[in-house]
1. Mind checking which residues of the stretch 61-84 are charged (D, E, K, R) and open to solvent by 50 Å² or more (accessible area, probe 1.4 Å)?
2. Restricting attention to the stretch 166-175, which residues are closer than 12 Å to residue 88 by Cα and either in a strand (DSSP E or B) or open to solvent by 70 Å² or more (accessible area, probe 1.4 Å) (or both)?
3. Here are some residues: 125, 130, 182. Which one is touching a His at 6+ places or on another chain (Cβ under 7 Å), assigned by the TED database to the domain that holds residue 107 and modelled with pLDDT of 95 or more?
4. Which numbered condition in (1) open to solvent by 80 Å² or more (accessible area, probe 1.4 Å); (2) over 24 Å from residue 50 (Cα atoms); (3) among the hydroxyl-bearing types (Ser, Thr, Tyr) is the only one that residue 102 fails?
Amino acid sequence: MAGNTAQATQQPVKHFNLVRCVAVCLLTLIVLVGLAVLITWLVIRPKRLVYTLENGSLQHFNLNNKHINATFDFVLMAYNPNTKTSVYYDSMESVVSYKDQTLAFDTIDPFHQPHRDTARVESKLVAQNLALSPSTYKDLRGEKSSGEIEVDVHYKSRVRFRVGMWKSKHRTLKIVCPSVKLHFSWSRHFENVPCEVEL
């Protein structure tokens, strides 16, 4: 009887020791992973990418019978301030909209941006006989008579980040350049527009 009691007592103790060992190992692993992430972040110190719409022009603008024809040209300056991180823009598209109605879009060739680099991204968006809602047509006619129109320019890109030999998975980058003023007169200077970034 005494021997059976001793064995029954040892079994729960062994089980407890095994559970404690597993818990300690898991906790140690979590701490090590956390430290690795922290050290990587401190070494890389990632900074936000900076985008500015530095030029915009409007050509061949014509409104007729609630349709629009126009050519929009934009130059986006993309600045990567990071010292160790480069960016792959694997796909990119741009859209110009007026009060929530898309007027034109364009696709941009993929490119790679090294660290501490400024890239010039040009796009030409063509609206060809695009049907407008009655309210949009009316508002555009009013703005044309004032000598300028105000649009929003959007960019959407699939990007990857590279640090050394490591590359991240694809992420969706959204850039919004709001309230962009385009003048019908070439004598009026385009004002730079800081863009908002969502990643």
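The values are calculated or read from the model by the stated rules, or taken from the named source; none is laboratory data. Computed from a predicted model, the values in this text were never measured in an experiment. Positions of Cβ are backbone-derived with ideal geometry, glycine not excepted, and every protein chain shown enters the neighbour counts. The accessibility values were calculated without ligands, DNA or RNA, using every heavy atom of the protein model including side chains. Shrake-Rupley method; radii C 1.70, N 1.55, O 1.52, S 1.80 Å.
1. Selection gives 66, 84.
2. Result: 167, 169, 170, 171, 172, 173.
3. Result of the check over 125, 130, 182: 130.
4. Condition not satisfied by residue 102: (1).
Quick grid of which residues meet (1) open to solvent by less than 60 Å² (accessible area, probe 1.4 Å); (2) in contact with a strand residue (DSSP E or B) (Cβ under 6 Å, 6 or more places away or on another chain):
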position	(1), (2)
113	yes, yes
129	no, yes
134	no, no
143	yes, yes
154	no, yes
160	yes, yes
164	yes, no
177	yes, yes
191	no, no
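Results for (1) touching a residue at least 12 places away in the same chain (Cβ under 8 Å); (2) of a type in the set (S, T, N, Q), shown as yes or no for each residue.
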site	(1), (2)
143	no, no
149	yes, no
156	yes, no
160	yes, no
167	yes, no
180	yes, no
187	no, yes
193	yes, no
196	yes, no
